[in-house]
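Shown next, in structure tokens, is the structure this report addresses.
The values are calculated or read from the model by the stated rules, or taken from the named source; none is laboratory data. It should be emphasised that the depicted structure is a prediction, and the values quoted were computed from it without experimental measurement. When we count neighbours, we look across all protein chains shown, and the Cβ atoms used for this are built from the backbone with ideal geometry, even at glycine. All accessible areas refer to the heavy atoms of the entire protein, side chains included, with ligands and DNA or RNA removed. Shrake-Rupley method; radii C 1.70, N 1.55, O 1.52, S 1.80 Å.
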Amino acid sequence: MNDTIVKSITRLVIPFVQVYGIFIILNGHVSPGGGFSGGALLGTSLILYTLVFGAIKAKHKFSHKASEIAESGGILIFVTVGLIAIFVGMPFLTNLAAGFPAGSAGAILSAGMIPIIMIGIGIKVASTMITLFHKLIEEVIQ
Amino acid sequence: MISQLPIINLVALLLMAIMVPFIKKISFRATLWLGGILLIGVLVSSVFIFIHVANVGDIIYHFGDYESFLGIEFKVDPFASLFTLFVGTLAFIIYVYSSGDKTEGIESPEFSRYYVLYFLMLFAMFGILYSNDLFNTYVFIEIISLTSCAIISIKRKKEPYPAAFRYVLLNEIGSLSFLFGIAMLYMISGHLNIDLLANTIQSGWTTLPINIIFAIVFMTVGLSLKAAIFPFHIWLPDAHASAPSTSSAILSAVVVKIYILVLIKLILKVFGVELFASLGMDTVLLIFGGAGMIMGSIFAMTQKDLKRMLGYSSVSQIGYIVVGLALMSDLGLRSAFFHIISHGLTKAALFLSVGIVIYLKKSRSVKGFEGLGFQIPIAMTVFGIAAFSMIGIPLTSGFIAKWNLGIAVESASQYIFLGVIVISSLLNAMYYLPILFAAFLKDNPEHQEKVSIEKIPAAMLLPIVVLGLSILLIGIYPNLLMQLIDLVIARL
Amino acid sequence: MTFTSPTSKPKQHLIITPSSARTTTLVFIALLFLLVFVGAVENWFGIIDKLNANTQLQASLWSFAHADVLLMIVLFLPVVGGFAQLAFGMRAVKWRDRMVMGATFINLALSLLIYPNAIDGGIHLEFPQALGLGLSFTLDMLGYTMVLITNIVWLFVMIFTHVYMGAEKRSTRFYFFMAITYTTVLGAVMAGDLFTMYLFFEIMTVASYLLVVHYQQEDSNRAATTYIFMGLVGGFLILIAMMLLYFEVGDLQFESALGALNQLGAVRYWIIGLLIFGFGVKAGMVPVHIWLPKAHPVAPTPASALLSGIIIKVGAYGILRVATSYYFPNSNIEPDAVWLTIENVGFLVIWAGIITMSVGVFMALQQSHIKRMLAYHSVSQMGYIITGVGIAMYLGDHGAVGYAGAVYHIVNHALFKSLLFLVAGVVYHHTHESDMYKLGGLWKKLPVTTFVALIAALGISGIPLFNGFISKSILHHGIVEAVHEGSWIFTLAEWIFIAVSAGTVASFIKLMYYVFFKKTTETYAQIGFEWDGMNAAMIALAGLIAVIGLAPNFIMNRFLLPQIRSMNFDPHFVEEVLSQLNYFQGSDLLTMLMVVALGTGIFLVGKKFNLFHLHLPRWLSVEYLIVFPWYMLMYRSCKLIDRKRHPLDPDTEKMISTDQSNPTGFLERFQITVNRFNDRYEKPFIQNDALIYVGLIVIILIFAIIRLI
Amino acid sequence: MNILERIVENINYLGGAALFLIGLHTVVTHTNLIKKIIGINIMGTGVFLFFIAIGNIEGGTPPIWLEGMENPIFVNPVPSALILTGIVVSVSVTVYLLSLVIRIFQTYGTIDQKELAEIMEQEVPHD
């Protein structure tokens, strides 16, 4: 796909897509959306990049190592946040009762641990989408 | 604190799975040791949970401290804790074996992935047993299907791919049927929690009976498809045959049983026996089970590939479990539970000892067993014990399982199944005994008179010896297990 | 360079090597023990009185003999010894053999000690937790009789084996499985309930498989395969019956279950029928005898001696035990449903026995292979025992004569049939020839063997003064009793009984003539007479045969009558008829004379007209009758599924002919047919993954909805 | 008339069921492996639609409570959350199946099931 128009447009669009994805992740607890939707958007931005610039270049942007770390890291964030409640003595994933600050309704920093979990999920989903796509391409290239 | 143990088990397994890629960079051996220690820890905590649950009462665990009707609920009753113990024990034994047998078809870069999948699968199995929420169960089921399919196709060889494809395809259809059933139940009650569903199922039966019929039929058939109950078994022999032996062992001994346990949970806890039987589903299961007992053995007889043969043998043994379940009585359930555990041990022993044969000979043919009894005496002895258990010779756990099933069948006045049990046992003998005879009674030109044990790693021999001894132990003192099963049934 | 091969060994007359001296001494000591035992039991020289005078000694002896642990030692000593032999066998063959003989000897000695305990009403031991249901052992006089005869025969055969198996390969394995078989036989006869009996019975089948297959030749493999599969079938039949019984009665102890059985309908017949068939497989009952003539010739001689002498008796013992416990009618009550059941079944069992004995003897007359002929005689003699069992069932509380005859014949047959097999083994050992038509003139070379063979032949033919005569005349009385109290049709049975006895006489005249006395050109120069343990063991067995024949009342009074008195038999009948039996009365002797004359006649006629070489047509063989319908069923169903392609190869017609030269056995034929079936059935389904799901879900939905409506 | 009304009322459910059947039909009748995967996805979509239809309330708003709301009518949020999970599962299964198809194509050179069966039968001769 050596089309300049596509390349330029992609370069232009990708930041917006990514910003929108991050927005959806961060606003997961105050509006429709959340970690999965936002993460999917984030992932899609890189998939778009791969489609346009080719797998090799995309690998430079987001390497194997990074994907591994991001994938495990996402779950780790989730599990760690869940475990905090256990250390306090409450059931796994307990939110406000475990001492997370509630904040004021409607603000970004509210609803206790939910934003943190959403970030974890977002990272995980985004990296998984990219990894799956890259792996499929690798299979074909082999 | 003890009420937190189930969730700690789950989290530990999940964490192990995601940490394997990182730890392996330090040292692969360290990963193996860590995994082993973790499994021992999980096993010990399962024992504690069982003791606690048996003495004090069920552990009910609300995720995130939400109420039952809002959030996900775990309920650890004797049923769940006994079978997590069973899963954990077998998983540990097979894990030890797999740390010795690293060669069978898996390339070295895939080792760590194998263990990622292994721990994820364990995580999901524990989750299914603990979970008291239908949708949660569905998610765990999907995790099991994906990981087990991946474990099958992890070998970079030709034949696993079509087998794995068929396995995923049919499993996915099964899962979707199950999900469809959940949707039907959710429609009438608005709950996913098993206890809450059970309360509303009677009123649902009066208002929307067609929904419940669809739910029962789709969920039963979906789970049958995944559990390889006889006419739905067609994916099983290929899938189990082409997997590495450790995977075949865990798939055949444990994973298939998990689906049956889910079915048991559904029938007993959600629908209720009377409702299930009033639709004639017990008859359907009875026919499936009986046909499976015979046909599985008949197909197994003609196989040239040893692991395919064992796969068909699993189909036949699942028939025994299903018949026990389909009798819908306490005695039948007792025999089904006993057979689940007995067959788990036996089939694991068979697959693992066959794994040693493959390790030695690099061939899966039924024909190549001449003189093996002298080359690998321990493995073949365990194979012999397990084969006798399959046939139902006294002193092995298989005999007790058949005896219990026989009594259960009589109490339901299904006398014809006595004949079916006998014919099936005889057919079992027809394909297991020739292998044993070849191993111990035929001379191999290349076989040396000297017994040579040292070629096999101890990590592979120890697990199968433990399995063989436990088959004998349960065969001689079945009450050790029967007491636990009676407790489970009393509290179910 | 030439070697001067040593010419035939110089004749050695009665050279006694140290090893043969040791074994002979052991035999002597064993016989001495038996003599002391008989003396003590019969109170010769007032032994018992003297013992009673010394209270302290008496008390300690008494408590020792009554110790329950003694029973367990007798039961498990062989298997413990077996593992020790396995360990020793790797290093020192000599010590292994000594250990085998020593363990068997100790077992015999200990089992003699149990006698006072057994006669005091039996030992009862329970292990309530084992195997879920609990195991229990009871040693009453019937079980004790079996234990004792097993121990006696086993000791002598083991001494024989020590010499015979000396040069064989894999003898350690042989001894090991021999030991396991020993324990299981003892366990089966000591069992206090059907479950325990089944446990040992099933393990016995598996362990004795290894004895049959010992030589690992083509023919022995095939025979052993037949053996184990028929054994398993028998075992599973017993298992079904046991499950039914356990469920209906709730207890498997060997005691009367009339109350529960009276409540049942047809299941009552099923239970007893399945039990009789299940045990009948092991007992060699026609038509499930087919493993027996195959397995005996190919097994090593000690194994076939024990197989024929002891193991098949366990089957007969099983029938006797179950028939006279669960179903045994109570003489105090009026005839009820159970009584009727046992009477009907007993009627059939008598005829099964009669058919078994006549088929056995008829087939035996046709054989040229010594061991196969003896094997068919085992079938025939088992027919006598089964007839006895049938009489015991048929006549109900008056069946004591049949009961006594059956047990007595079990004892006698164990002695002479094992001896005959040992003789066949010795003949084969020296000449490497089993075809009796090719042998001859051996009496000069093997005088001791000839002598004991003659005694055994006299015993089995039922000549007066030898043991077979005693049990056969008791059985004859039993049949006469059945004619009196039952149906006139048993007169026919009596005639057949006499004809079969004549056939037995004829075939043993044939055996003795062709093997030992016929003049032959063969000189057998290589045989030199040598005294060894084999001769000692055989002479001991022959001595027992003669002693029982001369003093028949010992076993009757000391073993059988105590057992019969303890059971529900009509006491009046027992005291009037059974304990007053006179074995040497004129009519019996006259009948016997007739039998001998008839037998000689049959032999002469057969020899003259070559009737001993007849062969039955193939389609009459039992195996063919089993295979053929199965094959046709498969053939038809394959054709139904796939019309275009011929489901079986054109040359499969060969497969179903029971041609002995064709190497494919029953199992292979079965598997090939199934394989074709499998190919036709499963392929189409596998090609359309989800089709089966769609089809079945629709069917089940419709089924469920119809059920709802 | 009554029947038509009921159909219109339950059109969501019927659509779900219809999609399920269409998917099943695709899986059963097509021998092309990729079409089978598509069929599976259609089946899954059918079930998801069914779930969403259960949770829907006419005139409902997204179930997020904000300040200043008075007696809001929320759509049942549980089915949506469930289906989100369902979609994740469906995605992973699809990717896995696709990668298997790639492997099958690389080793056997075909993605038609009948041809695949023939090739496999030739490679592993029976008896």
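Before moving on, here are some points about what is shown:
- With contributions of -39500 (n - 2.57) from each DSSP H run of at least four residues, the per-residue ellipticity at 222 nm computed over chain C stands at -23500 deg cm²/dmol.
- Computed from the Cα positions only, the extents of the stretch B:280-492 along the three principal axes stand at 57, 34, 22 Å, in decreasing order.
- Reduced Cα scattering model of the protein assembly as shown, Debye log10 I(q)/I(0), q = 0.04, 0.08 Å⁻¹: -0.32, -1.02
- Interface of D with A. Using a 1.4 Å probe and counting protein heavy atoms only, the two chains hide about 1100 Å² of accessible surface, both sides summed.
- Cα convex hull of the stretch C:218-300 - mean projected area over all directions, nm²: 6.3 nm²
- Lysine pair count for chain A [Cα-Cα under 21 Å; pairs on different chains or 8 or more apart]: 12
- Short-range pairs are left out: with C-alpha atoms under 8 Å and at least six residues apart, the relative contact order of the stretch B:280-492 is 27 percent.
- With contacts taken as Cα pairs under 8 Å at a separation of at least 6 residues, chain B carries a relative contact order of 15 percent.
- Using θ = phi - 60° and Karplus 6.51 cos²θ - 1.76 cosθ + 1.60, couplings along the stretch B:84-90 (whole Hz; Gly, Pro as x): 5, 4, 4, 4, x, 4, 4
- For a label point 7 Å along the Cα-to-beta-carbon line of C:Leu340, residues of the stretch C:394-423 with backbone N under 19 Å: C:394-397
- Legend: calculated FRET efficiency, D:Ile3 to D:Ile38, from the Cβ-Cβ distance at R0 = 22 Å, rounded to 0.05, equals 0.10.
- Quotient of the Cα radius of gyration of chain A and 2.2 N^0.38 Å, N being its number of residues: 1.22.
- Of A:Phe87, A:Phe23, A:Phe100, the residue with the greatest mean-square motion in the GNM of chain A, using alpha carbon springs below 10 Å, is A:Phe87.
- Among the chymotrypsin sites (Phe, Trp or Tyr not before Pro) within the stretch B:40-71, those in coil by DSSP and having at most 13 neighbouring Cβ atoms inside 10 Å are B:Phe69.
- Taking the Cα centre of chain C as origin and assigning +1 to Lys and Arg Cβ atoms and -1 to Asp and Glu Cβ atoms, the resulting dipole is close to 2720 debye.
- Chain D, dipole about Cα centre (Lys/Arg Cβ +1, Asp/Glu Cβ -1), debye to the nearest 20: 80 debye
- Take each peptide in C:402-411, C:38-47, count the other Cβ atoms within 10 Å of every residue, and average; sorted highest first, the result is C:402-411, C:38-47.
- Hydrodynamic radius of chain C per Kirkwood, over alpha carbon pairs, in Å: 27.1 Å
- The sum of -39500 (n - 2.57) across all DSSP H runs of n ≥ 4, divided by the residue count of chain B, sets its helix-only mean residue ellipticity at 222 nm to -25500 deg cm²/dmol.
- Shown for the stretch A:41-142: the carbon plus sulfur share of the solvent-accessible area, taken with all protein chains present and a 1.4 angstrom probe, equals 76%.
- Spacing of the modelled spin labels on A:Lys61 and C:Glu168, each 7 Å from Cα toward Cβ, amounts to 8.1 nm.
- Distance between the stretch B:29-52 and the stretch C:254-272 - C-alpha centres, whole angstrom: 52 Å
- Between C:Arg91 and C:Val605, the contour length at 0.36 nm per residue exceeds the Cα-Cα span by 179.4 nm.
- The stretch B:102-181 and the stretch D:7-47 have Cα centres lying 24 Å from one another.
- Dipole axis of the stretch C:21-611 (+1 Lys, Arg; -1 Asp, Glu on Cβ), positive-most option in C:Ala191, C:Gln217, C:Gln381: C:Gln217
- Listed by chain and number, the lysines whose C-alpha is less than 20 Å from the C-alpha of C:Lys169, apart from same-chain residues fewer than 8 away, are B:Lys442, B:Lys450, C:Lys94.
- Per-residue shielding of B:474-482, expressed as the average number of other chain Cβ atoms within 10 Å of the residue Cβ, stands at 3.
- Remark: the stretch A:4-141 carries a charge dipole of roughly 400 debye about the Cα centre, counting +1 on each Lys and Arg Cβ and -1 on each Asp and Glu Cβ.
- Cross-link pairs B:Lys226/B:Lys367; B:Lys304/B:Lys361; B:Lys304/B:Lys347 - those with Cα-Cα distance over 25 Å: B:Lys226/B:Lys367
- Taking the helices alone, chain A has a mean residue ellipticity at 222 nm of -25000 deg cm²/dmol, built from -39,500 (n - 2.57) per DSSP H run of at least 4 residues and averaged over all its residues.
- For the stretch D:1-89, applying the loop criterion from DSSP together with a ceiling of 13 other beta carbons within 10 Å to the chymotrypsin sites (Phe, Trp or Tyr not before Pro) yields D:Trp65.
- Rounded to the nearest 0.05, the FRET efficiency derived from the C-beta distance between B:Val465 and A:Leu136 at R0 = 60 Å is 0.85.
- Alpha-carbon centroids, the stretch A:43-72 and the stretch B:200-265: separation in whole Å: 38 Å
- Of all lysines in the structure, those lying under 25 Å Cα to Cα from C:Lys438, and not within fewer than 8 positions of it along the same chain, are C:Lys9, C:Lys11, C:Lys294, C:Lys371, C:Lys417, C:Lys510, C:Lys518, C:Lys519, C:Lys607, C:Lys608.
- Inter-probe distance in nm under a simple model that places probes 7 Å from Cα toward Cβ, at C:Lys444 and B:Leu472: 5.7 nm
- Chain D shape via C-alpha gyration tensor axes, a/c threshold 1.5: oblate
- With R₀ set to 30 Å, the beta-carbon distance separating C:Ala53 from C:Leu550 gives a calculated FRET efficiency near 0.40.
- Between C:Glu255 and B:Ile416, the simple label model (points 7 Å from Cα in the Cβ direction) yields a spacing of 3.9 nm.
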